[in-house]
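Where a number appears in this text, it was derived from the coordinates with a stated rule and is not lab data. Computed from a predicted model, the values in this text were never measured in an experiment. No Cβ is skipped: glycine too gets one built from the backbone with ideal geometry, and neighbour counts run over all protein chains shown.
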Amino acid sequence: MASEDCIFCKIASGVLPARKVLETDECVAFLDVAPLSPGHCLLIPKHHFGTFDQMPADVAGAVLSRLPGLGRAVAAATGADGFNILLNNGKVAGQVVEHVHAHVIPRKEGDGLGYRWRPQTLDDTTADGLCRRIEAELGG
């Protein structure tokens, strides 16, 4: 189901134009209008899901199964040395448009994009407690 005020739903339905590079029954991929690098694409489900955890597993599988081929195509077309796949989930995680979308961002040596990655450490008690809580949430 589409959301009337969602820009990505409008792109998926063809109401708004986009430079589409891939379209299936389940998803569409298109060039980002504000790319981090040339060839930066977005992959979205055609149905509206605000966040990734709201997607049924079969829909997520159908959409995300397109990432390997899309990544290869973007890298080949742009001459990239690699690519990032980024899926922000929720506003606090940097999600701006409230419609699930995965970024495929081509990367070249020395492109200056970078990202902040600040690893932390956990003591055994905290790590064990987290494991038990996550397993319980998963029903295990």
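Brief remarks follow.
- Taking the average, over residues, of other Cβ atoms within 10 Å as the packing measure, peptides 107-114, 29-36 rank 29-36, 107-114 from highest down.
- Its DSSP H runs of at least 4 residues, each contributing -39,500 (n - 2.57), put the calculated 222 nm mean residue ellipticity of the chain at -8500 deg cm²/dmol, to the nearest 500.
- Highest-first packing order for the peptide set 38-50, 12-24 is 38-50, 12-24, based on the mean count of other beta carbon atoms within 10 Å.
- 25 Å Cα cut-off, lysine pairs counted over the chain (separation 8 or more, or different chains): 6
- By average C-beta atoms within 10 angstrom, highest first, the peptides 93-101, 122-130: 93-101, 122-130
- Simple Cβ-charge dipole of the chain, Lys/Arg +1 and Asp/Glu -1, about Cα centre, in debye nearest 20: 460
- Cα centroid of the stretch 102-140 to Cα centroid of the stretch 41-74, whole Å: 20
- Given the alternatives (i) 270; (ii) 144; (iii) 94, volume of the Cα convex hull per residue in Å³ as computed for this entry is given by (ii).
- Placed amide H near R107: partners under 5 Å, 5+ positions off or other chain: D81, G82, F83, N84
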